[in-house]
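Trainee: Before anything else, here's the structure in question.
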Amino acid sequence: MRIIMLGAPGAGKGTQAKMIAEKFGIPHISTGDIFRANIKNQTELGKKAKAYLDEGTLVPDELTCDLVVDRIANEDCAKGYILDGFPRTIPQAEALTKALAKDGGAIDYAIDVDVPDSDIVRRLSGRRVCLKCGATYHTSFNPPREEGICDSCGEALVHRDDDKPETIQKRLDVYHSQTQPLIEYYHEAGCMYKVDGTRSLEEVFASICAILE
Ligand code: ADP
Ligand code: AMP
């Protein structure tokens, strides 16, 4: 089961991807999480990626595609995986299609979590993340048990710099110009599914499970 999550920043891709990964026993691969971990650990990749994340633009395809193609070749991906935040451009989608086609494979499900821009600002300004274990919360819609503390690992939660108002609009513009065309790309590939992401976490999850089961 090879799944990709599409949708604007803050649409709920990561939240749903974690739940799906757990339910179906497949790895959740978030390129955003991979870049943030590399930035935190000050790796070469992290140093190259940082400026792009800070300004809300995309890390160049040449730094991104090989990373994902290598990751999905790992043994833990043999039964499938869920990609969250990749692909984000047509060249990335083409690189993924090409890599999978080498073994006669293809993406099985591309799921677009549809949320209008007007809701995104509220979603992202309330998002709090754990940089240690990757858990995601929302101050109103999905709060942790203790304010500012990760339920899973006890780490202090952070408000991502790129979730501040000045960067959110930039990221939405990048999404509409570079990532939204992927909906048509996967529609043509015959694996595009859309869910209404404005409903509760549980309702969105139930719709996605109905597609996958
Ligand atoms: P993405 O991975 O698409 O950027 P996230 O999964 O991190 O988005 O979700 C963005 C924010 O919105 C988080 O704070 C998350 O807790 C919250 N959120 C996710 N899904 C919903 C939902 N269905 N209703 C309300 N808030 C949600
Ligand atoms: P996310 O955690 O998915 O919101 O991603 C945060 C940031 O990481 C984005 O704004 C980009 O700068 C970078 N990023 C994540 N995934 C990709 C990708 N597939 N291609 C390019 N940049 C990416």
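Each value in this text was obtained by applying a stated rule to the coordinates, not by laboratory testing. No experiment lies behind these values; they were computed from the predicted model shown. Here the Cβ is made from the backbone with ideal geometry for all residues, glycine too, and neighbour counts use every protein chain on show.
Trainee: Which of the GluC sites (Glu not before Pro) found in the stretch 1-110 are in a DSSP loop and have at most 13 neighbouring Cβ atoms, other than their own, within 10 Å?
Mentor: Hits after loop and neighbour filter: nothing returned.
Trainee: Using a 7 Å offset from Cα along Cα-Cβ at N142, what residues in the stretch 23-37 end up with backbone N under 15 Å from the label point?
Mentor: Of the residues in the stretch 23-37, 23, 28-30, 33 have backbone N under 15 Å from the label point off N142.
Trainee: Using 0.36 nm per residue of separation minus the Cα-Cα distance, give me the extension gain between Q178 and L63 in nm, one decimal.
Mentor: Full-extension gain reported as 39.7 nm.
Trainee: Find how many whole Å separate the alpha carbon centroid of the stretch 86-109 from the alpha carbon centroid of the stretch 1-77.
Mentor: About 15 Å separates the Cα centre of the stretch 1-77 from the one of the stretch 86-109.
Trainee: Between H187 and T97, what is 0.36 nm times their sequence separation minus the Cα-Cα distance? Round to one decimal in nm.
Mentor: 31.0 nm
Trainee: Here is a further query. How about the stretch 19-96: which trypsin sites (Lys or Arg not before Pro) there are in a DSSP loop, with at most 16 other Cβ atoms within 10 Å of their Cβ?
Mentor: Here the trypsin sites (Lys or Arg not before Pro) that fit, given the DSSP loop and packing criteria, are K79.
Trainee: Considering the zone a paramagnetic label at D108 would reach in this model (a point 7 Å from Cα along the Cα-to-Cβ line), which residues of the stretch 7-34 have amide N under 11 Å from it?
Mentor: It comes to 24-26, nothing else.
Trainee: Related question: Which Rg and Dmax, in Å, describe the Cα atoms of the chain?
Mentor: According to the Cα coordinates of the chain, Rg and Dmax are 16.3, 48 Å.
Trainee: Rounded to the nearest 500, what is the chain's calculated 222 nm mean residue ellipticity when only DSSP H runs of at least 4 contribute -39500 (n - 2.57) each, over all residues?
Mentor: Mean residue ellipticity at 222 nm (helix-derived): -14000 deg cm²/dmol.
Trainee: Out of the stretch 126-212, which trypsin sites (Lys or Arg not before Pro) are coil in DSSP terms and have no more than 14 other C-beta atoms within 10 Å?
Mentor: For trypsin sites (Lys or Arg not before Pro) across the stretch 126-212 that sit outside H, G, I, E and B with at most 14 neighbouring Cβ atoms in 10 Å, the list reads R145, R199.
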